[in-house]
1. Looking at Arg277, is it surrounded by 20 or more Cβ atoms within 10 Å (Cβ to Cβ) and among the basic types (Lys, Arg)?
2. Of the conditions (1) away from the ligand (no atom under 16 Å from the Cβ); (2) open to solvent by 10 Å² or more (accessible area, probe 1.4 Å); (3) in contact with a Pro (Cβ under 7 Å, 6 or more places away or on another chain), Phe27 satisfies every one except a single condition; which number is it?
3. Against the definition (touching a residue at least 40 places away in the same chain (Cβ under 8 Å) and either within 19 Å of Leu116 (Cα to Cα) or not basic (Lys, Arg) (or both)), how does Asn311 come out, yes or no?
4. Of the numbered conditions (1) modelled with pLDDT under 95; (2) more than 16 Å from the ligand (Cβ to nearest atom); (3) open to solvent by 60 Å² or more (accessible area, probe 1.4 Å); (4) not assigned by TED's automatic domain parsing to the domain that holds Ile238, Leu65 satisfies every one except a single condition; which is it?
5. Select, from Ser37, Ser70, the only residue that is among the hydroxyl-bearing types (Ser, Thr, Tyr), part of a loop (DSSP other than H, G, I, E, B), at pLDDT below 95 and under 24 Å from the mean Cα position of the chain (by Cα).
6. Give me a count of the residues in the range 90-141 that are within 14 Å of the ligand (Cβ to nearest atom) and under 30 Å from Gln67 (Cα atoms).
7. If a residue must be assigned to a strand (DSSP E or B) and among the hydroxyl-bearing types (Ser, Thr, Tyr), how many such residues does the range 3-34 contain?
8. Can you tell me how many residues within the range 155-191 are assigned to a loop (DSSP other than H, G, I, E, B), under 20 Å from Leu115 (Cβ atoms) and open to solvent by less than 30 Å² (accessible area, probe 1.4 Å)?
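The values are calculated or read from the model by the stated rules, or taken from the named source; none is laboratory data. Everything quoted here is computed from the prediction, not taken from an experiment. Here Cβ is always computed from backbone atoms with ideal geometry, including for glycine, and neighbour counts include all displayed protein chains. For accessibility, only protein heavy atoms count, side chains too; no ligands or nucleic acids. Shrake-Rupley method; radii C 1.70, N 1.55, O 1.52, S 1.80 Å.
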Amino acid sequence: MEVKHKPKVFIHSWLSDDLLSRLEKDFDIDHHDTTESILSGNQLLDRVINVEGILVQSALIDKTLIQSFSNLKIVSNVGVGFDNIDANLCTKMGIQVTNTPGILNDAVADMSMALLLAIARRVPEGDRIVRSGGFKANFYHLLWGADLKGENLGIIGMGSIGQDVAKRALPFGLNIKYHNRNRLSKVIESTLNAEWMQLQDLLKSCRFIVILCPLTNETKHLITIKEFENMKKDSFLINIARGPIVKESDLIIALESKLISGCALDVYEFEPNYDIRLSKMDNVVLAPHAGSASVKARTGMVELAAKNIENFFLKNDVLNPVNKIK
Ligand code: DGY
């Protein structure tokens, strides 16, 4: 009987037992569950020798790693942002890269609103007051926050997630302003009542600013002290995209010198590290890169990443390519 060739695939992600069993039927699987640890550098190198496919959540697939492969054909990322992968090098080496767009939009848009509301209405501050025994009476002046209705919301990065945030923000009475490389069609602009602006004009005129653009060479340090100086003193910055888009040391200066009123962060420039001064400021809300952490999104993302592997090897087709290989 002919023995079927099973491509060797390294999985660096959580996945359900059912999905693992399904993949094991067609692939020779080595699995590292990322529930408790993320591998890096040599730990990763040791695991990926001779693999033909990698399904990866969070780990860095950089030049050193990519150049050590001789057989690698596909890197399937669990996530829409794929800045953890040197996709340009993969393209040069004929390696397919895929991601998981769409499935996480609702979760990330919900979390964007959650962070916006949390910083505007000081929800974590209130939680800290109650937990520490500080709730002694219904003091009239406790925790006055910012109103949303009638304020400008500036969305930097108006892809499908940005548009989903706009749809959620409209019923709160927020006016939608956006900055994006490409302008939306007139039809979408009018449905969302959204006005395109130059970045500096948007920063100058918005009370709430949500960052939702991908991290690229162009967007790294898009927000530095120069941009903070341009922002309204009563504004709030929400970053749920990628940490390095905001220069963290400049953000600290902006908060300490009250150039802005506060911020809510789901991502950090040197993740998982962050400047400890952030955790000491009451006008800062911190989350641990949990924008897509809903049951539907996280189970759906890994399922889609697995389908990208299956389609590539079994159907000679890719569902969500992010690069074009010959
Ligand atoms: C993404 O999809 O890029 C998210 O950041 C992963 O959680």
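1. On the way: surrounded by 20 or more Cβ atoms within 10 Å (Cβ to Cβ): no; among the basic types (Lys, Arg): yes.
So Arg277 does not fit the description; no.
2. (2)
3. Working: touching a residue at least 40 places away in the same chain (Cβ under 8 Å): no; either within 19 Å of Leu116 (Cα to Cα) or not basic (Lys, Arg) (or both): yes.
Taking the combined requirement at face value, the residue does not satisfy it.
4. Of everything listed in (1) modelled with pLDDT under 95; (2) more than 16 Å from the ligand (Cβ to nearest atom); (3) open to solvent by 60 Å² or more (accessible area, probe 1.4 Å); (4) not assigned by TED's automatic domain parsing to the domain that holds Ile238, Leu65 misses just condition (3).
5. Numbers: Ser70 fails: under 24 Å from the mean Cα position of the chain (by Cα).
Answer to the check: Ser37.
6. Residues flagged as within 14 Å of the ligand (Cβ to nearest atom) and under 30 Å from Gln67 (Cα atoms) within the range 90-141 amount to 5.
7. To start, the set of residues in the range 3-34 that are assigned to a strand (DSSP E or B) comprises 8-12, 28-32.
Still in the running and among the hydroxyl-bearing types (Ser, Thr, Tyr): none.
The number of residues fulfilling the criteria is 0.
8. Residues in the range 155-191 being assigned to a loop (DSSP other than H, G, I, E, B), under 20 Å from Leu115 (Cβ atoms) and open to solvent by less than 30 Å² (accessible area, probe 1.4 Å): 4 in total.
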